[in-house]
Amino acid sequence: MAPGILVGFGVAIVARVFEIPLAWYTTTLAVHLVWTLPFGFLIMLAAFNRFDRRLEEAALTLRASRWTAFWRITFPLVLPGVIGAALFGFTLSYDEFARSFFATGTEQTLPLIIFAQFDRQLQPTLYAIGTATTVVSLAALALFTLLFRAVQQRSRTASGR
């Protein structure tokens, strides 16, 4: 894997050659997707390795549409992998200062704002940002846990256990 600073710098050069404006919604998003996608792929690979295709085939045999089979069988079974990949990708991306530094342009992302605070005297806003991100992370974990339990409960109710 290439160091983050080289990837960010390379994306900035390519964006300049193709006249793509440096922004968080273009180049920075692309850099972070390239960085986190292999990790998400590995997590989803593990989720699909434990997935039993016979369950989906049974639903299709019982005349369920592909869409219904996906939402009622496949998605609930791989939902923990999707949630894990999303949370892991967010965690990896949140800490990537080096990749964001060159690819963001004039706009600021939260890691860049936090890093900019270190050259001055530390202010209470930095601690407030840390507290807010911790609260949001815990709320996201609680939400995903509740969502996972609701899907499990619904699948248990549907299966008659």
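Taking region 14-33 only, how many residues are touching a residue at least 60 places away in the same chain (Cβ under 8 Å), surrounded by 14 or more Cβ atoms within 10 Å (Cβ to Cβ) and not aromatic (Phe, Trp, Tyr)?
Counting residues in region 14-33 that are touching a residue at least 60 places away in the same chain (Cβ under 8 Å), surrounded by 14 or more Cβ atoms within 10 Å (Cβ to Cβ) and not aromatic (Phe, Trp, Tyr) gives 8.
Looking across region 94-143, the residues that are of a type outside the set (Val, Ile, Thr), assigned to a loop (DSSP other than H, G, I, E, B) and either in contact with a Phe, Trp or Tyr (Cβ under 9 Å, 6 or more places away or on another chain) or at positive phi (or both) come down to 96, 105, 107, 108. Of all residues assigned to region 56-63, none qualifies as being part of a helix (DSSP H, G or I) and closer than 24 Å to residue 93 by Cα.
Quick grid of which residues meet (1) of a type in the set (Val, Ile, Thr); (2) touching a strand residue (DSSP E or B) at 6+ places or on another chain (Cβ under 6 Å); (3) outside any helix (DSSP H, G or I):
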site: 15; (1), (2), (3): no, no, no
site: 20; (1), (2), (3): yes, no, yes
site: 33; (1), (2), (3): no, no, no
site: 40; (1), (2), (3): no, no, no
site: 79; (1), (2), (3): no, no, no
site: 83; (1), (2), (3): yes, no, no
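The residue pairs whose first member lies in region 34-56 and is over 17 Å from residue 87 (Cβ atoms) and without any contact (Cβ under 8 Å) to a residue 24 or more places away in the chain, whose second member is assigned to a helix (DSSP H, G or I) and among the small types (Gly, Ala, Ser), and whose beta carbons are closer than 8 Å, counting only pairs six or more residues apart or on different chains, are 56/69.
Checking the conditions here, which among 1, 44 is at pLDDT below 85 and within 21 Å of residue 92 (Cα to Cα)?
Criteria check complete, one pass: 1.
Inspection of region 92-106 finds a residue satisfying the criterion of being without any contact (Cβ under 8 Å) to a residue 60 or more places away in the chain, of a type in the set (Asp, Glu) and more than 30 Å from residue 155 (Cβ to Cβ).
The values are calculated or read from the model by the stated rules, or taken from the named source; none is laboratory data. This is a predicted model, so every value here is computed, not measured. As a convention, Cβ positions derive from the backbone with ideal geometry for all residues, glycine included, and neighbour counts pool all protein chains shown.
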